[in-house]
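Enquirer: This is the structure I have questions about; it appears just below.
The values are calculated or read from the model by the stated rules, or taken from the named source; none is laboratory data. Since the structure is predicted, the reported quantities are computational estimates derived from the model, not experimental observations. In this analysis, Cβ positions are derived from the backbone assuming ideal geometry, glycine residues included, and neighbour counts consider all displayed protein chains. Accessible surface is based on the protein model in full, side chains and every heavy atom, while ligands, DNA and RNA are left aside. Shrake-Rupley method; radii C 1.70, N 1.55, O 1.52, S 1.80 Å.
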Amino acid sequence: LHFKYLIAFFLGILPYLYVPVAAFRAPPVNWDNAVNVKNLFKLISRSDYGTFAASESFIGSTLIERSSQVLSFFAFLKNDFTLIGLVLIVFGLIYIFYKDKVVSKFITISLILCGPFFLFYSSFSLTSDFFFGIWERFILLSYFFASILLGFGLLFINILARKYLSNSNNFFLLKKKALLAIINFSIFLLPLYMLAGNWHKSDMSDFKLGDWLGHDILASSEQNSLVFLFSDTLAFNSQYVYYTNHKFGDRKIVLGGILRHSYYRHQLAKQYPDLNYPVNFFEESQNESSQFMIDLIKANNERLPIYTIAFFPNVDNYSWVNVGMLRKLVRNEQKNDSNYLTFLNRGAVNNFELNIDKANEGYTNFIQQDLKRSYNVSFNDSGDEMTNLKSYELALEYYDFALALDPRSARSYYGKGKVYLNMGDCLNASAFLFKSYEINSQNVPTLNSLAEWARKCKGDELLALLKADTLGRILM
């Protein structure tokens with residue numbers, strides 16, 4: 001009997017054999033290069049991320065914080081299965097416990113391990129839409145076992161109805177057969193009701209925002225450029241477009257966050273043999289990814305345009321300037337050339353595929369919201385830089401893009417108010433600055449700009465000198 005269990009266990013992990021087969025083919029996306037047992041175990045055990053946490057960088061490993069994951073799980077379970085579904089899951093658990101204890105133990109243990117225990121163990125940091133979106137996908141396996149219990153719960157209701165409704169019972173003049181028909185029809189309707197209630201959440205057949213993001217990131221760079229990508233949302237969507245759209249095949253994309261791994265640095269050398277690599281680039285070094293990135297930039301910045309996103313290391317005599325969704329490395333004397341930077345930004349925006357109206361249609365899940373946030377951050381950053389360069393028209397265009405994706409962005413309203421204040425348009429300046437203050441009354445730049453508005457537009461020096469919070473209350 002135990003031998004059968006052992007055979008069943010190894011049959012269950014057979015899909016992992018595909019990993020080394022794929023790794024030996026040296027694909028462009030090849031995590032941990034699992035061509036041997038050591039690397040395969042490293043990949044399966046997620047050693048790059050941390051042993052008892054979803055990631056080593058997460059904060060949230062105290063008992064209370066871990067326990068909150070369990071509470072969040074049941075909150076999601078109730079939201080997705082409805083309260084009726086949750087009750088039926090409990091009924092199913094009771095029924096199967098008395099019907100078959102072995103099956104009951106298997107399903108219950110599987111549900112707990114894939115749901116509450118895993119979330120307690122991994123301790124996700126639920127601090128942003130991105131982490132909620134990833135967390136939500138990790139609990140899908142537990143939903144499979146919950147659905148089995150829900151089915152047993154429906155069966156339990158049917159059995160109880162048959163047992164306790166006698167032929168002599170009447171309920172509003174309904175006989176047993178009619179009552180059973182109503183109960184069975186209700187049981188049939190429940191899955192359809194849940195399907196209808198959740199279909200709009202899971203139907204992604206017309207979802208293109210991730211493709212647009214990846215395209216627009218790459219479209220913000222020049223031909224034959226070196227592009228460093230960071231964060232899962234930005235990097236993975238860009239990689240997908242890069243390897244499926246030959247339009248950007250001349251770029252050289254590098255995942256900056258994993259440069260610390262020697263296998264990845266060797267992989268880059270095979271993929272891009274024409275890049276210049278530092279002498280120590282292939283050593284088994286413990287340097288941080290940032291140092292390898294800086295070394296790679298210094299080895300190639302005289303040969304190629306260089307772009308990055310989300311992380312901007314200091315490079316002597318150079319500065320990072322916003323270009324569309326990315327930042328480009330330019331010489332210090334170019335960072336204040338408004339004509340040059342406006343030309344680059346205008347060209348990037350004109351190549352964007354983002355359709356804001358379609359992006360805002362329908363149900364918005366956590367990952368979709370995170371994709372919008374990525375756009376919002378880049379648009380606001382570019383708007384700020386265009387404001388500093390006095391390219392006000394393009395700055396307003398960027399802020400409008402940001403607000404179209406997030407109408408509650410205090411930063412975007414502040415940016416527009418600042419532009420109009422610089423242009424001497426007191427009416428529009430006050431409207432947007434007040435809106436920013438209304439959304440976030442603690443935003444210091446907004447309050448400082450309100451003081452500037454009081455000085456410039458009202459000629460009221462005393463009002464401008466009031467404490468920021470007092471000023472905001474008076475002006476509102």
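Enquirer: Provide the net charge surrounding Met293, with neighbours chosen by a C-beta distance below 14 Å and charges set as Lys +1, Arg +1, Asp -1, Glu -1.
Expert: So the surrounding residues net to +3.
Enquirer: Starting from the Cα-Cα distance between Phe97 and Gln223, subtract it from 0.36 nm times their residue separation and give me the gain in nm to one decimal.
Expert: Length gained between Phe97 and Gln223: 39.0 nm.
Enquirer: Give me the 1.4 Å probe accessible area per residue for the stretch 207-329, excluding ligands and nucleic acids, in Å².
Expert: So the stretch 207-329 comes to 42 Å² accessible per residue, rounded to a whole number.
Enquirer: Two decimals is fine: what's Rg over Rh for the stretch 214-255, C-alpha atoms, Kirkwood radius as Rh?
Expert: 0.90
Enquirer: Still on this structure, please answer the following. Please report the carbon-and-sulfur percent of the accessible area for the chain; probe 1.4 Å, protein heavy atoms only, DNA, RNA and ligands left out.
Expert: Of the solvent-accessible surface of the chain, carbon and sulfur hold 61 percent.
Enquirer: Compute the Rg/Rh shape ratio of the stretch 231-354: radius of gyration over Kirkwood radius, all on alpha-carbon atoms. Could the numbers behind the result be given before it?
Expert: Numbers: Rg = 15.2 Å, Rh = 15.8 Å.
A ratio of 0.96.
Enquirer: Between Asn158 and Glu393, what length in nm is gained on full extension when 0.36 nm per residue of separation is reduced by their alpha carbon distance?
Expert: Extra length from Asn158 to Glu393 when fully extended: 77.9 nm.
Enquirer: Let me ask you something else. If R0 is 51 Å, what FRET efficiency do you get for Asp274 and Phe9 from their C-beta distance, rounded to 0.05?
Expert: Efficiency computed from Cβ-Cβ geometry: 0.60.
Enquirer: At R0 = 30 Å, how high is the FRET efficiency between Asp425 and Glu333 if r is their beta carbon distance? Nearest 0.05 is fine. Intermediate results must be reported in sequence, preceding the final value.
Expert: Working: r = 32 Å, r/R0 = 1.07.
Calculated value: 0.40.
Enquirer: Okay, next question. How much length is gained if the chain between Asn287 and Trp31 is pulled fully straight, taking 0.36 nm per residue apart and subtracting their Cα-Cα distance, in nm to one decimal?
Expert: Result: 90.3 nm gained on full extension.
Enquirer: Also, I was wondering about something else. Over the alpha carbons of the stretch 333-453, what is the largest minus smallest coordinate on each principal axis, giving the biggest first in Å?
Expert: Principal extents (Cα only, largest first): 40, 37, 22 Å.
Enquirer: Scan [x] 50, 35, 20; [y] 34, 27, 22; [z] 37, 31, 21 for the value of semi-axes √(5λ) of the Cα gyration tensor in Å calculated from this model and give just the label.
Expert: Given [x] 50, 35, 20; [y] 34, 27, 22; [z] 37, 31, 21, the calculated one carries the label [x].
Enquirer: A further question follows. Helix-only mean residue ellipticity at 222 nm, the chain, DSSP H runs n ≥ 4 weighted -39,500 (n - 2.57), per residue, nearest 500. What is it?
Expert: -20000 deg cm²/dmol
Enquirer: Given H placed 1.01 Å from N in the peptide plane, which residues other than close sequence neighbours of Val227 have an amide H under 5 Å from its amide H?
Expert: Residues meeting the criterion, in which the H sits 1.01 Å from N, are Lys252, Ile253, Val254, Tyr307.
Enquirer: In nm, give the distance between the simple-model label positions of Leu141 and Glu361, each being 7 Å from the Cα along the Cα-to-Cβ direction.
Expert: Computed distance between label sites Leu141 and Glu361 equals 3.6 nm.
Enquirer: At most 13 other Cβ atoms within 10 Å plus a DSSP loop assignment makes a site exposed; report the longest stretch of the chain without any exposed chymotrypsin sites (Phe, Trp or Tyr not before Pro).
Expert: The answer is 53-171.
Enquirer: Sticking with this structure for a sec: Label points 7 Å out from Cα along the Cβ direction at Asn448 and Val70: separation in nm?
Expert: So the two model labels end up 4.7 nm from each other.
Enquirer: On C-alpha positions alone, give me the angle between the axis of helix 140-164 and the longest principal axis of the chain, in degrees, nearest 10.
Expert: Computed tilt is about 30 degrees.
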